[in-house]
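Participant: The structure is given below, and queries will be raised subsequently.
The values are calculated or read from the model by the stated rules, or taken from the named source; none is laboratory data. Computed from a predicted structure; not experimentally measured. Because the Cβ atoms are built from the backbone with ideal geometry, glycine has one as well, and the counts that use them run over all protein chains shown.
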Amino acid sequence: MPVVTLAHDRDFAGWRNAARALALRGVPPAEVEWRIGGPGGSEAPPPGDNVFHVPRAFVDLARAAICHDDPERFSLLYELLLRIRADPHALDQADAPLVCRVRALADQASGNKASGEALSGAMAGNLRARPGSNALAAWEAVRAEAMGCTRCHLYKCGTQTVFGEGPVDSRIMFVGEQPGDQEDLAGRPFVGPAGRLFDKALGDAGVDRRRTYVTNAVKHFKFERRGKRRIHQKPEAPEIEACRWWLEQERTILRPGLTVALGATAARSLFGRIVTISRMRGEPHPIPDGGEGWVTVHPSFLLRVRDDKEREYARFVEDLHRIGERAKVLA
Ligand code: SF4
């Protein structure tokens, strides 16, 4: 893993030189460790064609954002630099979470507290941000946007978009399938019967649910109405693919070390392909944009299963325990 040691915490020149060298080598952001306190710019550009141009606006933005205290600013700026190399207009996508987050860093570092003041007290009580981090502001902006989502026809179903919830500095993100009847009405994920079983299993596994983020692959309740009842319908590939956008936004903001797919729909969304749970269960799998992906069953499976109910529950708890221990190792 390349380690870049910057001369001081506002070392823009050191960051720029190192980022340029790393970008020319195509080093992914997740593989770079940024440190402060040493000679600046330890990643020297390679000889030869070592120049590329970025918009002046990005240079100004980076110069301002680097003055923020967020420990992730160097990595976020490097990630944005790579995006701009791939797409010179990437900075124009003002609602893209990464752009939004870097702009908020720059604004806050420049004394513009507008984005911070936008946080609602209720949300702040539920979601704790790292000191000096603007991840919460970015998360809230994305969530607000998701509330009006029409990316697929499911926005016509159910009561509302049910976005993820939990601390934005969670090391573990759990991804379920879609909200159920109770979640749809409450506007919160994992509050129905499967969610309660999930809470119990997490407790039995020694994992503190309050320190995890929970969300769904599909954020609208898909159902078929039978009389007064709303019967769950499994989401299909186009719906999973459309809603994958929001899961990617959540992962970009939280950057969890471990993302756990609960069931086949979540696994399909996380890995972008059909996954066989039994083959991938119980061990980490790399995710292209960083972090580890884990796979286990959805707690609703444990409610439905008839044979060996206790054994299946114990296996689920064992998976969660292993995931919790792994999160401690990665901390
Ligand atoms: S299911 Fe997802 S993509 Fe489809 S409308 Fe709802 S939030 Fe948007």
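Participant: Please name all residue pairs, on different chains or six or more residues apart, with Cβ atoms under 6 Å, provided the first residue is in region 209-224 and is within 16 Å of residue 269 (Cα to Cα) and the second residue is more than 12 Å from the ligand (Cβ to nearest atom) and in a strand (DSSP E or B).
Facilitator: From residues that are within 16 Å of residue 269 (Cα to Cα), the pairs are 214/174; 215/175; 216/176; 217/175.
Participant: Residue check, residue 274 against (1) assigned to a loop (DSSP other than H, G, I, E, B); (2) more than 30 Å from residue 78 (Cβ to Cβ); (3) in contact (Cβ under 8 Å) with a residue 24 or more places away in the chain, all met but one. Which one?
Facilitator: (3)
Participant: Let me ask another. Check 314, 327 and return the single one that is surrounded by 17 or more Cβ atoms within 10 Å (Cβ to Cβ) and part of a helix (DSSP H, G or I).
Facilitator: 327
Participant: Based on this model, can you work out whether residue 125 counts as away from the ligand (no atom under 14 Å from the Cβ), at pLDDT 90 or above and part of a helix (DSSP H, G or I)?
Facilitator: no
Participant: If you go through region 195-207 one residue at a time, do you hit one that is of a type in the set (Asp, Glu) and away from the ligand (no atom under 13 Å from the Cβ)?
Facilitator: Within region 195-207 (the criterion being of a type in the set (Asp, Glu) and away from the ligand (no atom under 13 Å from the Cβ)), the answer is yes, since at least one residue qualifies.
Participant: Tell me, yes or no, whether region 169-189 has at least one residue that is among the β-branched types (Val, Ile, Thr) and under 14 Å from residue 299 (Cα atoms).
Facilitator: Yes, region 169-189 contains at least one residue that is among the β-branched types (Val, Ile, Thr) and under 14 Å from residue 299 (Cα atoms).
Participant: So which residues in region 180-208 are farther than 21 Å from residue 224 by Cα and without any contact (Cβ under 8 Å) to a residue 24 or more places away in the chain?
Facilitator: 196, 199, 200, 203, 208
Participant: Only one of (1) farther than 30 Å from residue 185 by Cβ; (2) surrounded by fewer than 19 Cβ atoms within 10 Å (Cβ to Cβ); (3) modelled with pLDDT under 90 fails for residue 85. Which number is that?
Facilitator: Residue 85 satisfies every listed condition except (3).
Participant: Continuing with this model, one more query. Condition first: more than 16 Å from the ligand (Cβ to nearest atom), in a strand (DSSP E or B), of a type outside the set (Val, Ile, Thr) and modelled with pLDDT under 95. Can you find one or more residues in region 247-267 that meet it?
Facilitator: No, region 247-267 contains no residue that is more than 16 Å from the ligand (Cβ to nearest atom), in a strand (DSSP E or B), of a type outside the set (Val, Ile, Thr) and modelled with pLDDT under 95.
Participant: Let me ask another. Please enumerate the residues belonging to region 281-331 that are of a type in the set (Asp, Glu) and touching an Asp or Glu at 6+ places or on another chain (Cβ under 6 Å).
Facilitator: Result: no residue meets the conditions.
Participant: Oh, and also: So, in region 129-185, how many residues would count as being near the ligand (Cβ under 9 Å from one of its atoms), more than 21 Å from residue 98 (Cβ to Cβ) and assigned to a helix (DSSP H, G or I)?
Facilitator: Final tally of qualifying residues: 4.
Participant: Do you know which of the residues in region 191-207 that are in a loop (DSSP other than H, G, I, E, B) and at pLDDT 95 or above is farthest from the chain's Cα centre (by Cα)?
Facilitator: 206
Participant: While we're looking at this one, here's another question. How about region 216-237: which of its residues are within 11 Å of the ligand (Cβ to nearest atom) and either in contact with a Leu (Cβ under 7 Å, 6 or more places away or on another chain) or closer than 10 Å to residue 179 by Cα (or both)?
Facilitator: Answer for region 216-237, where residues must be within 11 Å of the ligand (Cβ to nearest atom) and either in contact with a Leu (Cβ under 7 Å, 6 or more places away or on another chain) or closer than 10 Å to residue 179 by Cα (or both): 216, 217, 218, 219, 220, 221, 222.
Participant: Another question, then. If we scan region 33-45, do we find a residue that is at pLDDT 90 or above and surrounded by 15 or more Cβ atoms within 10 Å (Cβ to Cβ)?
Facilitator: yes
Participant: Only residues that are touching a Leu at 6+ places or on another chain (Cβ under 8 Å) and closer than 9 Å to residue 174 by Cβ: list them for region 261-270, please.
Facilitator: Passing the criteria: only 261.
For every residue, the table says whether it meets (1) surrounded by fewer than 17 Cβ atoms within 10 Å (Cβ to Cβ); (2) basic (Lys, Arg); (3) out of contact with any strand residue (DSSP E or B) (no Cβ under 8 Å at 6 or more places or on another chain).
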{"position": "276", "(1), (2), (3)": "yes, no, yes"}
{"position": "286", "(1), (2), (3)": "yes, no, no"}
{"position": "297", "(1), (2), (3)": "no, no, no"}
{"position": "300", "(1), (2), (3)": "no, no, yes"}
{"position": "320", "(1), (2), (3)": "no, no, no"}
